[in-house]
Amino acid sequence: MADRVTVIGWDGSPLTAGARAALSAATLVAGAAHHLALPEVPPAAERIRLGSVDLAARRIATHRGTAVVLADGDPGFFGVVRTLRAPEHGLEVEVVPAVSSVAAAFARAGMPWEDARIVVAHQRTLRRAVNVCRAHPKVAVLTSPGAGPAELALLLEGVHRTFVVCEELGTDREQVSVLTSDKAADHAWRDPNVVLVIGGAVGGTPTAPWLMGQDPAARTVRGWGLPTEEYDSEGEGPGTGPAHTGAGTDPALRAAQLARLGPRTGDLVWDIGCAGGAFSVEAARFGAAVIAVDADPAACARAERAARRHGVPLQTVRGRAPHVLESLSEPDVVRIAAGGVPVVTACTDRRPERIVAHASTRDEAEAIGAALGAGGYAVESLLLQTVGLDPEDWSERERSVVFLLSGRRIERAP
């Protein structure tokens with residue numbers, strides 16, 4: 001095992017005295033090509049080009065001598081320290097940090113960033129990173145080859161954002177570009193880069209946060225499954241069909257649907273037949289990105305008003321399902337409030353993880369359940385009945401009876 005392992009962060013500024021001392025004593029130095037070219041690297045030291053950090057850690061673990069690992073920015077922030085400290089390598093490391101690339105990017109933009117979300121985009125996580133950019137007004141994206149500014153822009157089609165692209169921060173070739181997201185796909189960007197994705201903010205000026213990221217109480221009322229009037233003071237309206245009135249808008253049904261879908265940060269939710277936007281807003285309040293779909297322009301307008309009222313971003317798409325769904329980005333979970341079996345079938349073809357729908361009659365419920373099952377989903381069917389009571393004399397005020405259908409995707413054999 002190496003006698004000593006020092007991880008040095010580098011942000012383009014001159015190395016500190018401690019970093020230079022550690023480097024001068026190193027018998028093994030690992031880093032990217034531009035790190036290994038630094039004049040402070042001892043000529044006689046073994047050099048390892050960092051590709052796989054895991055492979056480098058294995059080599060360091062067997063090295064007899066003093067090892068140094070060079071990394072950009074703060075190596076403890078989405079960096080190499082996590083891998084080096086993994087139990088299988090048994091390495092104890094000392095860390096000399098530098099300014100993280102995220103901090104540097106926001107400094108170049110002259111913006112505070114304690115209220116930002118920070119995501120790492122690889123090819124396997126790109127879609128989830130984009131969903132965070134849809135759902136939050138300030139996101140820093142640590143990119144990688146094949147998951148950079150152009151790919152982010154392409155997947156954000158239809159959602160307006162401002163990109164601050166910071167290329168090769170801390171080097172002589174550093175460049176900061178500010179442009180709208182629809183223009184970013186037209187450029188060739190140099191790695192490494194950090195992208196600040198800004199926009200989609202709603203509501204007034206935010207107060208000083210006390211929690212990194214988003215204050216969970218800053219923009220919303222407490223609770224969920226709230227009465228419909230909390231979302232649109234003008235009422236639900238007719239929507240796209242009978243599913244938008246009566247039992248289909250009951251808060252208890254909405255709460256049960258949310259519980260089965262479990263929308264979360266990084267998800268994309270389709271709300272088909274959004275009506276007044278109550279479900280869309282509540283899903284967005286959980287941190288998910290939401291596309292609210294309705295054939296009625298008035299319903300889309302109500303959903304947008306509800307989103308502004310509760311301080312959450314969402315995208316509305318006017319059109320009739322299932323045809324309008326063909327151009328939408330891939331969903332993680334889907335709520336179907338209108339359209340029946342044809343819409344259910346169109347959604348199962350897209351293979352989201354979970355789908356919920358409801359029906360007012362047993363025949364309709366059986367048809368929807370059969371469509372979910374035929375599409376490769378395990379089906380749960382419940383009959384929900386809620387009775388509103390007057391607290392003065394406990395008399396019945398209103399009653400709702402509805403079938404809740406939920407489907408959980410069954411993984412197909414390879």
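The values are calculated or read from the model by the stated rules, or taken from the named source; none is laboratory data. The structure presented is a predicted model; accordingly, all values stated were derived computationally and were not measured. Here the Cβ is made from the backbone with ideal geometry for all residues, glycine too, and neighbour counts use every protein chain on show. Surface accessibility is based on the protein's heavy atoms, side chains included, excluding ligands, DNA and RNA. Shrake-Rupley method; radii C 1.70, N 1.55, O 1.52, S 1.80 Å.
At 0.36 nm per residue, and after removing the present C-alpha to C-alpha distance, how many nm does the segment from THR162 to VAL178 gain when stretched out fully?
In short, 5.0 nm is gained.
If you take the charge dipole of the chain about its Cα centre, with +1 on Lys and Arg Cβ and -1 on Asp and Glu Cβ, which of PRO227, LEU405, LEU55 is farthest toward its positive end?
The residue sitting farthest along the positive end of the dipole is LEU55.
Just order 330-341, 312-323, 361-372 by mean Cβ neighbour count inside 10 Å, highest at the front, would you?
With the highest mean Cβ count within 10 Å placed first, the list reads 330-341, 312-323, 361-372.
Quick check: the distance between the Cα centres of the range 51-68 and the range 294-344, to the nearest angstrom?
After rounding, the separation between the Cα centres reads 51 Å.
Provide the per residue accessible area, probe 1.4 Å, for the range 331-414, rounded to a whole number of square angstrom.
Normalised by residue count, the accessible surface of the range 331-414 is 54 Å².
With bins 5 Å wide starting at 0, give me the P(r) of the range 1-101 over every alpha carbon pair, in whole percents.
The percentages, shortest bin first, are 3, 15, 29, 28, 19, 6, 1.
Kindly write out, for the range 152-165 in residue order, the coupling ³J(HN,Hα) from the Karplus curve 6.51 cos²θ - 1.76 cosθ + 1.60 (θ = phi - 60°), rounded to whole Hz, with x marking Gly and Pro.
Running phi through 6.51 cos²θ - 1.76 cosθ + 1.60 with θ = phi - 60° gives 4, 5, 4, 7, 8, 3, x, 10, 7, 9, 9, 9, 10, 9 Hz.
With unit charges on the beta carbons (Lys and Arg positive, Asp and Glu negative) and the dipole taken about the Cα centre of the chain, which residue among SER395, ALA44, THR125 sits farthest to the positive side?
Positive-most Cα among the choices belongs to ALA44.
At 7 Å along the Cα-to-beta-carbon direction for both ARG412 and LEU154, put a label point, then send me their distance in nm to one decimal.
The two pseudo-label positions are separated by 2.3 nm.
Roughly how much of PHE403 is accessible, in Å² to the nearest 10, using a 1.4 Å probe?
Here the residue's solvent-accessible area equals roughly 40 Å².
Could you tell me the center-to-center distance, by alpha carbons, between the range 1-20 and the range 79-109 in angstrom?
11
Quote the charge dipole size of the chain about the Cα centre in Debye, to the nearest 20; the model charges only the Cβ of Lys and Arg (+1) and of Asp and Glu (-1).
Result for the chain is approximately 960 debye, rounded to the nearest 20.
In terms of solvent-accessible area of protein heavy atoms at a 1.4 angstrom probe, what is the ranking of PHE77, PHE163, highest value first?
So, going from the largest accessible area down, we get PHE77, PHE163.
Note down the magnitude of the dipole of the range 276-336 about its Cα centre, charges +1 on Lys and Arg C-beta and -1 on Asp and Glu C-beta and zero elsewhere, to the nearest 20 debye.
Taking the Cα centre of the range 276-336 as origin, the dipole is about 320 debye.
Counting only Cα, what are the radius of gyration and maximum Cα-Cα distance Dmax of the range 252-326, in Å?
Final numbers for Rg and Dmax: 11.4, 30 Å.
In whole Å, what are the Cα extents of the range 51-103 along the three principal axes, biggest one first?
35, 19, 18
Add +1 for every Lys or Arg and -1 for every Asp or Glu among the other residues with Cβ under 12 Å from the Cβ of VAL164, and state the total.
+2
Please list the radius of gyration and Dmax for the chain, considering alpha-carbon atoms only, with Å as the unit.
My reading of the Cα-based Rg and Dmax gives 26.0, 89 Å.
Treat the range 10-169 as a sphere of radius equal to its Kirkwood radius over Cα pairs and apply Stokes-Einstein at 4 °C in a medium of 1.567 mPa s; give the translational diffusion coefficient in µm²/s, rounded to a whole number.
75
Would you look at the GNM of the chain, springs on alpha carbons closer than 10 Å, and say which of ARG85, ARG134, ARG264 moves the most?
Result for the chain, Cα springs under 10 Å: ARG85 fluctuates most.
Quick one: compute a quarter of the convex hull surface over the Cα atoms of the range 310-414 and quote it in nm².
9.5
Projecting each Cα onto the charge dipole of the range 304-413 (Lys/Arg +1, Asp/Glu -1 at the beta carbon, about the Cα centre), which of THR361, GLN385, THR348 comes out farthest on the positive side?
About the Cα centre, the residue reaching furthest to the positive side is THR348.
Quick one: angle between helix 297-310 and the longest Cα principal axis of the chain, in degrees between 0 and 90, rounded to 10, please.
So the inclination is approximately 50 degrees.
Quick one: dipole size for the range 362-408, taken about the Cα centre, charges +1 on Lys/Arg Cβ and -1 on Asp/Glu Cβ, in debye to the nearest 20. Walk me through the numbers before you get to the answer.
Values: 4 positive and 9 negative charges, 71 e Å.
Rounded to the nearest 20 debye, it is 340 debye.
For LEU36 and SER52 in the same chain, what is the full-extension length gain: residue separation times 0.36 nm, less their Cα-Cα distance, in nm?
Additional length available on full extension: 4.2 nm.
To the nearest 10 degrees, how steeply does helix 251-261 sit against the main Cα axis of the chain, on a 0 to 90 scale?
40
Return the distance in nm (one decimal) between the two label points of a simple spin-label model at ARG20 and GLU366, each offset 7 Å from Cα along Cα→Cβ.
8.4
Restricting things to alpha carbons, tell me how big the range 317-377 is in terms of Rg and Dmax, in Å.
My reading of the Cα-based Rg and Dmax gives 11.1, 32 Å.
Got a sec to turn the phi values of the range 124-138 into Karplus ³J(HN,Hα) couplings, 6.51 cos²θ - 1.76 cosθ + 1.60 with θ = phi - 60°, whole Hz, x for Gly and Pro?
Using θ = phi - 60°, the values come out as 7, 10, 4, 4, 5, 4, 4, 5, 5, 5, 5, 8, 10, x, 8 Hz.
How far is helix 340-350 tilted off the main Cα axis of the chain, in degrees rounded to 10, range 0 to 90?
It is inclined by approximately 10 degrees.
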